[in-house]
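Peer 1: Sharing a structure below in C-alpha cells format, with a few things to ask.
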Amino acid sequence: MKLLSKSKYLIGLQCPRYLWTTIHEPEKIPETDEATQNKFEQGYLVGELAKKWFTEGIDIETKDFIKNINESLELLKKRKPLFEAGIIVKLDWGDIYSRADILNPVGKDEWDIIEVKSGTRVKPENICDVGFQKCVYEKSGLKIRKCFLMHVNNEYVKNGTINPKEILKTQDITNEVNEEIKGIEDRIKNLFRIINAKKCPNLSIGQHCKNPYDCPISECWDFLPSENVFELYYGGKKCFELFEKDIQSLKDIPDQFKLSRKQQQIQIECAREGKIYLDKANIKSFLKKLKYPLYYLDFETISTAVPIFDGSHPYQQIPFQYSLHIVEKENGKPKHISFLAKGDKDPRREFLKSLIENLGDNGNILVYNESFEKSVLEKLSSLFPKEKKDIEDIKKRIIDLLEPFKEFDYYNPKQKGSASIKKVLPALVEKLPKGMKGYTEMEIGKGDEASLAFLKIALGEHDDYIDWDKVSEEEQRKIRKHLEEYCKLDTYAEVLILDRLRELVK
C-alpha cells in the first residue's frame, strides 16, 4: 500500500499521469534546478521568520519520517505551538500523511492550522494544500478551529532588524478551506486508485500541464511537430483550443480561426511559406529615432523574499551589475564598460554613481525590454532623491530595442514565437564573431543563473543567507568572471542585432 502525502495529493490534483510517474518511475522526474531550489530556500527563510511569532513554539524533527510522527504525537500533549507536526492516518484505501508549518493550540482542546508561504497573496492551490492538512488532522482526532495562510507583505520596507510581524501577513482562509474539503475523501480515494494502478494513465496534454505549476515531465510533449501551435505568440488558451481541434502545426491553422494579434498571423504565414518576415519601412522608422552616441545597456539584479538591504522590500529587484557598450558614431567600434558590485554591501549607491558617470549627457540608451530597466531606475530614484533629475534624464533617453521584434517587424521561424534576445540573436545573426560564445555555451547563460551566482558570493555578512566561507576565493573569481562574460554578451548582442537590422534595410 502506498502513502499519499500532501505534496503528492497536490500533484495528483494537477495531473494523474504526473502522480503515477512520481511513484512508479521517479527517474523520469528531473532533478530540481538551481532556480527552483532557490525558491525552496526563500520559502525556508520565510518559514523561519514565521516561527518567531511563537516564542514558545517547538521545532519537530523532519528528516526522519518515523521520528517526526512519534515526536508529534508526544508533543501534541504539551499544547504548545508546534512546527512541522506530522500526522499519519490509515484509511481503507491507504495511508495519508501531512505536516503543518505551524499547529497552534487554542482554547482547551482546539488547534489552528497556519500555513506559511513565500508568496504575497493567497492562491487557489494554497487552499487545496491546507484542505488536505485539515482532512488528515481531523481524521486523526484533532479538533481544528480555524485555518490561516501567512504570507509575505510586499509593502514592507526593511529598516534594521526584520520584524516578523511586519514582513508577514496572516489571512483567515477557514471558509475557503471548508468549502474545498467537500468531497475530499472521494478525491483521495481516486488518487489511491491511480497510485495503485499497474499502468500509467493515458492522459493528453492540456492546460493542467502548466497550472498551477509547470509539470517537469517533458516527454508528454515530445510527439509535437516543430513549429507547433504551442509556439503561437501569446497564444495562451488558443493553443489548447487548436490542439483540442486536432490542429498541431502552425501552418495548419485555418484562415477562419480568430487570432488576437497581427504577430500571430505573421508567424503562421512564415510557417506556411518557410520564410522570414521583414517590414523594412517600420524598421527604418525605428532606426531613424536613434541619435549617437549610442549606449547599449543591460542590468542584472537579485530579488529575494526576505529583503537583504535597508530601504528595500520583498522581491524588489536590486541591481548589482551592468554592462555598457558605447558606439560614438555610425560604423564606430564599440567600447565596453562594466560594473560588478563587490558583494559585501548594498550595491545600489555605487551602481548608480558608476552608471551616471558613464552614460554621458546625450545620445540614446538602448535596452532590451525597457520596462525592466526603467522600473529599477524608478526604485533608485526613490532611494536617492538627490540623483532623481539624473535618473529622469537617463529614462528619457532610453529606447527599447525589443520594439521591432515585439511588433514582428522582423520575425524568423527560428525564434519559435519568442521575441526574447536569446531567441532573436541566433535567428538574426547566424554566425557570431570569432571567439565569441553564444548563450548556450556560457557557464552562466540566463538571468536567473546570474542572480543566483551573485547571491552565492555576495551574502557572507548576512547570517540568514549563504555563508561566505562556503565559496572559496578562487570560486568567487570564477563566478565574477562568468558574470562579466554573461552581462557583456547581452549588450554586445544588442550591438550585433542593431547592425544586422541596418544591413537588412539598406
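Each reported figure results from applying straightforward, stated rules to the coordinates on display, with no laboratory input. What you see is a predicted model, and the numbers here were worked out from it, not measured in a lab. We place every Cβ from the backbone using ideal geometry, glycine too, and count neighbours over all the protein chains shown.
Peer 1: For segment 281-504, take every pair of Cα atoms, bin their distances at 5 Å starting from 0, and report each bin as a whole percent.
Peer 2: Percent of Cα pairs in each bin: 1, 6, 14, 18, 19, 17, 12, 8, 4, 1, 0, 0.
Peer 1: Still on this model: Determine, for Phe40, Phe299, Phe320, Phe309, the number of other Cβ atoms within 10 Å of each Cβ, and report the residues in order from fewest to most. It would help to have the intermediate numbers written out before the result.
Peer 2: Working: Phe40 10, Phe299 21, Phe320 25, Phe309 16.
Lowest to highest Cβ neighbour count: Phe40, Phe309, Phe299, Phe320.
Peer 1: Moving on. Quickly work out the Ser371-to-Asp310 label distance, labels modelled 7 Å from Cα along the C-beta direction, and quote it in nm with one decimal.
Peer 2: 3.4 nm
Peer 1: At a Cα cut-off below 12 Å, give the aspartates and glutamates reachable from Lys80, other chains included and same-chain residues fewer than 8 away excluded.
Peer 2: Glu56, Asp59, Asp109, Glu110, Asp112
Peer 1: While we're here: For segment 17-117, what are Rg and Dmax over the alpha carbons, in angstrom?
Peer 2: 16.1, 48
Peer 1: Going by Cα centres, segment 325-349 and segment 173-236 are how many Å apart?
Peer 2: Between the Cα centres of segment 325-349 and segment 173-236 lies a distance of 45 Å.
Peer 1: Multiply the residue separation of Glu61 and Glu219 by 0.36 nm, subtract the distance between their alpha-carbon atoms, and state the gained length in nm to one decimal. If you can, show how the numbers build up before the last one.
Peer 2: Working: separation 158, 0.36 × 158 = 56.88 nm, distance 3.66 nm.
Using 0.36 nm per residue and subtracting the Cα-Cα distance, I get 53.2 nm.
Peer 1: Separate question: Test of understanding: express the Cα radius of gyration of the chain as a ratio to 2.2 N^0.38 Å, with N the residue count. All intermediate terms of the calculation are to be shown ahead of the outcome.
Peer 2: Numbers: Rg = 26.6 Å, N = 506, 2.2 N^0.38 = 23.4 Å.
Its radius of gyration relative to the 2.2 N^0.38 Å reference: 1.13.
Peer 1: Can you give the relative contact order of the chain as a percent, counting alpha carbon pairs under 8 Å and 6+ residues apart?
Peer 2: Numbers: 768 pairs, mean separation 65.5, N = 506.
It comes to 13 percent, rounded to a whole number.
Peer 1: Compute from the Cα atoms of segment 193-310 the Rg and the Dmax, the latter being the longest Cα-Cα distance, and quote both in angstrom.
Peer 2: Over segment 193-310's Cα set, Rg and Dmax evaluate to 21.3, 68 Å.
Peer 1: To continue, here is another question. Among Leu452, Leu294, Leu75, Leu203, rank each residue by its count of other Cβ atoms within 10 Å, from fewest to most, as a rough exposure measure. Could you put the intermediate results ahead of the total?
Peer 2: Values: Leu452 20, Leu294 23, Leu75 17, Leu203 14.
Least to most surrounded, the residues fall as Leu203, Leu75, Leu452, Leu294.
Peer 1: To two decimal places, what compactness ratio does segment 293-370 give when its Cα radius of gyration is scaled by 2.2 N^0.38 Å? Present the calculation step by step, with values, prior to reporting the outcome.
Peer 2: Numbers: Rg = 14.3 Å, N = 78, 2.2 N^0.38 = 11.5 Å.
Normalised by 2.2 N^0.38 Å, the Cα Rg of segment 293-370 equals 1.24.
Peer 1: Same structure again: Tell me which aspartates and glutamates have Cα within less than 13 Å of Lys423's Cα, excluding those fewer than 8 residues away on the same chain?
Peer 2: Correct list for Lys423: Glu231, Asp490, Glu494.
Peer 1: Using the Cα atoms of segment 224-275 to build a convex hull, what is its mean projected area in square nanometres? Don't jump to the answer; show the numbers that get you there.
Peer 2: Numbers: hull surface 13.0 nm².
The directionally averaged projection comes out at 3.3 nm².
Peer 1: Dipole size in debye (nearest 20) for the chain around its Cα centre, Lys and Arg Cβ +1, Asp and Glu Cβ -1? It would help to have the intermediate numbers written out before the result.
Peer 2: Details: 84 positive and 85 negative charges, 203 e Å.
The dipole magnitude comes to about 980 debye.
Peer 1: So for segment 273-409, Kirkwood radius off the Cα pairs, Stokes-Einstein at 20 °C and 1.002 mPa s: how many µm² s⁻¹? Please report the intermediate quantities before stating the final value.
Peer 2: Working: Rh = 16.4 Å.
My calculation gives 131 µm²/s for D.
Peer 1: Would you pull out the residues with amide H under 5 Å of Glu110's amide H, same chain only if 5 or more places away, H placed 1.01 Å from N?
Peer 2: none
Peer 1: Kirkwood Rh and Cα-based Rg: tell me the resulting Rg over Rh for segment 199-249, rounded to two decimals.
Peer 2: Working: Rg = 11.2 Å, Rh = 11.8 Å.
A ratio of 0.95.
Peer 1: On to the next question. Positive end of the dipole of segment 281-504, charges at C-beta (+1 Lys, Arg; -1 Asp, Glu), about the Cα centre: which of Pro319, Leu290, Asn369 has its Cα farthest in that direction?
Peer 2: The residue sitting farthest along the positive end of the dipole is Leu290.
Peer 1: Rg and Dmax of segment 50-197, using alpha carbons, in Å: what are they?
Peer 2: 16.1, 55
Peer 1: Next question, about the same structure. Bin width 10 Å, alpha-carbon pairs only: give the P(r) of segment 96-172 as whole percents, running from 0 to the bin holding the largest distance.
Peer 2: Spelled out bin by bin, segment 96-172 gives 18, 45, 26, 9, 1 percent.
Peer 1: Then there's this: Work out, step by step, the length gained on full extension between Leu259 and Arg272: first 0.36 nm times the residue separation, then minus their alpha carbon distance; give nm to one decimal.
Peer 2: Details: separation 13, 0.36 × 13 = 4.68 nm, distance 1.60 nm.
Here the segment from Leu259 to Arg272 would lengthen by 3.1 nm.
Peer 1: Go ahead and run the numbers for FRET between Asp448 and Lys52, Cβ-Cβ distance against an R0 of 30 Å, rounding to 0.05. Please report the intermediate quantities before stating the final value.
Peer 2: Values: r = 29 Å, r/R0 = 0.96.
For R0 = 30 Å, the calculated efficiency reads 0.55.
Peer 1: What dipole magnitude, in Debye to the nearest 20, does segment 281-504 give about its Cα centre under +1 on Lys/Arg Cβ and -1 on Asp/Glu Cβ? Walk me through the intermediate numbers first.
Peer 2: Working: 38 positive and 40 negative charges, 207 e Å.
The calculated dipole for segment 281-504 is roughly 1000 debye.
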